[in-house]
Amino acid sequence: VGDYVIVKRGTTGSGAHYLLQGGWEVIEVSGNTVTVKNTYRGSSFPSLTLTGGTLVALKTKLVFDGCDGFHIRSNFGTITSNGFSNIAIVGSNTGCGVYLYDSGFFYCSTDVCISGFGKGIQVRHGGNTCRVEDAAICNNSIGIMTNENSSAFINRSILNGNGTGSQSSGNGSTTIWNSVVCGNGTAIHARFGSYSSVNKTTVSNNTSYD
């Protein structure tokens, strides 16, 4: 209880079974049954039948209480998560899980969950690059935010249960490939000279779309 799990992309079943894909906090375990906290942003969870899927338990959890998780800046500011996998980065409904600025670079890959922040990932102030693969960004006010000429590339990942899945503003850009954007409030939002590109991605059962 209190650990996080990721239900990987590629579930099978009927109805909106893809809504179960993403990152979830475990609230109860009984035998082989795992109960997770419902973060679906709609009024009621749609009916579905799940016949298959892969669940990964993240046994390492980093908790940031009332603060940002990681700040990455300048040319020396590079973090890759290839050296650690199966990890949850958890906040207390404020700050940023990962905050990039002044030409920082962040590469996130292999079963990383970012949850419970004001912004899961914020990329800002020209020249910043963020690459996210095989991750779940869930239950944040904003999943990923780019602005001030920064960019993010999201691949094989899941944005679920966020107030807004992806938001770009002020000439920021976000590219989402081979991913799932579901169960959020607003799915994808772009404004003020910014843009978002979405390809080969399931975008469904969000409350609104921009």
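The values are calculated or read from the model by the stated rules, or taken from the named source; none is laboratory data. Keep in mind the model is a prediction, meaning the values are calculated, not measured. When we count neighbours, we look across all protein chains shown, and the Cβ atoms used for this are built from the backbone with ideal geometry, even at glycine. Only protein heavy atoms, including side chains, enter the accessible area calculation; ligands, DNA and RNA are left aside. Shrake-Rupley method; radii C 1.70, N 1.55, O 1.52, S 1.80 Å.
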Checking A88 against (1) without any contact (Cβ under 8 Å) to a residue 40 or more places away in the chain; (2) closer than 20 Å to D3 by Cα; (3) part of a strand (DSSP E or B); (4) of a type in the set (G, A, S), the condition it does not meet: (1)
If G2 meets every condition in (1) more than 25 Å from I87 (Cβ to Cβ); (2) without any contact (Cβ under 8 Å) to a residue 60 or more places away in the chain; (3) assigned to a loop (DSSP other than H, G, I, E, B) apart from one, which number is that one? (1)
Residues that are within 26 Å of E25 (Cβ to Cβ) and within 11 Å of the chain's Cα centre (by Cα): list the strands (runs of 3 or more DSSP E) wholly contained in the range 100-210 that include at least 1 such residues. 105-115, 119-123, 129-138, 142-146, 151-155, 158-160, 164-168, 180-182
When restricted to D102, D111, the only residue more than 26 Å from T202 (Cβ to Cβ) and not β-branched (V, I, T) is D102
In the range 59-105, how many are at negative phi, modelled with pLDDT of 80 or more and open to solvent by less than 70 Å² (accessible area, probe 1.4 Å)? 21
Being open to solvent by 50 Å² or more (accessible area, probe 1.4 Å) and in contact with a Pro (Cβ under 7 Å, 6 or more places away or on another chain) is true for just one of G10, G15. Which residue is that? G15
Please enumerate the residues belonging to the range 108-140 that are small (G, A, S) and within 21 Å of N38 (Cβ to Cβ). S115, G116, G118, G120, A135, A136
Scan the range 30-49 for residues that are outside any loop (DSSP other than H, G, I, E, B) and surrounded by 12 or more Cβ atoms within 10 Å (Cβ to Cβ) and jot them down. V34, T35, V36, L48
